[in-house]
Protein chains: 2
Amino acid sequence: MKDGPDISRVAALIGDPGRANMLAALMSGKALTAGELAAEAGVSSQTASAHLQGLEAGKLIVRTKQGRHHYFKLASDDVAGVLEALMGLAAKTGQLRTRTGPRDAELRLARVCYNHLAGDMGVALFDGMMARGFLHVKADELALTAAGYKKMAALGIEVEGKSRAPLCRECLDWSERRSHLAGRLGRSILEHVYAQGWAKRVEGTRAVRFTGLGGAAFRKAFEF
Amino acid sequence: MKDGPDISRVAALIGDPGRANMLAALMSGKALTAGELAAEAGVSSQTASAHLQGLEAGKLIVRTKQGRHHYFKLASDDVAGVLEALMGLAAKTGQLRTRTGPRDAELRLARVCYNHLAGDMGVALFDGMMARGFLHVKADELALTAAGYKKMAALGIEVEGKSRAPLCRECLDWSERRSHLAGRLGRSILEHVYAQGWAKRVEGTRAVRFTGLGGAAFRKAFEF
DNA sequence: TCCATAGTTCGATCTCAACCGAACCATGCA
DNA sequence: TGCATGGTTCGGTTGAGATCGAACTATGGA
């Protein structure tokens, strides 16, 4: 009974530790070069090249050539979604790699998930926006309310855009097992957070470090 | 940078065609025996035995021994969720296995997804219940409204239960790319549909075939 | 007690893919 | 033009795991 699409091809691509590490690195949302991804996966550049070809052929990542560098990023938010789901399941089934150390705590507090904010802060933001009536769900579609549009305008956050990617999308958190805000709006808000200097990325990890004042200002601005 | 849980173990388990077929078969929600799963995957019983051990060790499935039969089912709704997500992505990236034939159309119309109703009918039910105000979403939690509880009581559908599994849950559809209703309520409703004789499973597939009167009665009962 | 059936274990085989050394192409810079 | 750097291609090696034949264990029934 071979109903439905062929799962195993995609899963097999993610199933190699090297490729999985590359994909996890790309979850940061940044486009990375072949060399960086090779280092990330801990393999030689030749091996990395082969893996990247495979991932590209499987449409999990896309390549942009720029000069003598090849930049790679995740092909779509759907791919990021599957990876998050897998992380959630892997965390739950106890295949944990995370030893709860200081850096780990920082990751649980706030980190980037693809291109938006995840962790405690991400979940709190989502819950707050729902409670304040800035977001609502109707027939499975997450959307900004009129009040939400007004709020974003007041904060100077871009919500228009020609891209047909969804403005609002939920994304399940592997540490919190709760939803946080993804989609174009999620990305815009994270960019706003950076622009205001409320927080910045911790070099070399996916953690986002808020300043004391920045965290307070963020909560105040979004009223949560 | 090895942030987060170890994805690749889980993905590798799903990445073998044989095991993927087994998991897909278990998406029907029924518990299947080792022999049935071997046939499903198209491998010998010895090979199947090895695969089933792996899946069990990886906590993707659970085993129940009953006499000389070993029954297997998916370990949790999370596993089903990951499989659905992978199906969605695989369908989108064009790794389609489905030739759109008559049986395929039937699958798109109505099928079981783990233990609840998916396909056109499943999505329509979900949308209808949201529109009628039987369901609402608050802070990422999908829940029955007072009106929803009343309606279920009127239809004689069990909604209480000691299980701590969520009563309501959304589940993304690979054919529709929309949400339908999962969770304990989703299961109860499907059982109600069977009990009323509105529809029954098509032997050997995941398709659910509604009778003409049954489909109408179903729509009438849930007002969509 | 004997047999049939369901499933597992063991052992051997074999294929596929991950890996890297070496050579090769392409771009940027001096 | 020459050189350094980033990436890819090719070839050969290796190891993990998928597979099945054969033997073994457990349950149910005659």
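The values are calculated or read from the model by the stated rules, or taken from the named source; none is laboratory data. A quick note: this is a predicted structure, and the numbers were derived from the prediction, not measured. Here the Cβ positions follow ideal geometry from the backbone for every residue, glycine too, while neighbour counts run over all protein chains shown. Surface areas here come from the heavy atoms of the whole protein model, side chains and all, with no ligands, DNA or RNA. Shrake-Rupley method; radii C 1.70, N 1.55, O 1.52, S 1.80 Å.
Could you check how many residues of region B:201-224 are of a type in the set (Gly, Ala, Ser) and open to solvent by 40 Å² or more (accessible area, probe 1.4 Å)?
3
Looking only at residues of region B:19-50 that are buried (at least 21 other Cβ atoms within 10 Å of the Cβ) and near DNA strand C (Cβ under 9 Å from one of its atoms), we find that the one that is farthest from the other protein chains (Cβ to nearest Cβ) is B:Ala48.
Is it the case that B:Val62 is away from DNA strand D (no atom under 16 Å from the Cβ), modelled with pLDDT of 90 or more, open to solvent by 20 Å² or more (accessible area, probe 1.4 Å) and within 18 Å of the chain's Cα centre (by Cα)? Don't jump to the end; show me each part of the working.
Values: away from DNA strand D (no atom under 16 Å from the Cβ): yes; modelled with pLDDT of 90 or more: yes; open to solvent by 20 Å² or more (accessible area, probe 1.4 Å): yes; within 18 Å of the chain's Cα centre (by Cα): yes.
Against the criterion (away from DNA strand D (no atom under 16 Å from the Cβ), modelled with pLDDT of 90 or more, open to solvent by 20 Å² or more (accessible area, probe 1.4 Å) and within 18 Å of the chain's Cα centre (by Cα)), B:Val62 qualifies.
If the condition is being among the charged types (D, E, K, R) and farther than 22 Å from B:Leu190 by Cβ, then region B:18-61 contributes B:Arg19, B:Glu56, B:Lys59. Selection of strands (runs of 3 or more DSSP E) fully inside region A:92-198 by the criterion of at least 2 residues being within 17 Å of the chain's Cα centre (by Cα) and either surrounded by fewer than 14 Cβ atoms within 10 Å (Cβ to Cβ) or modelled with pLDDT of 75 or more (or both) returns A:111-113, A:116-118, A:179-182.
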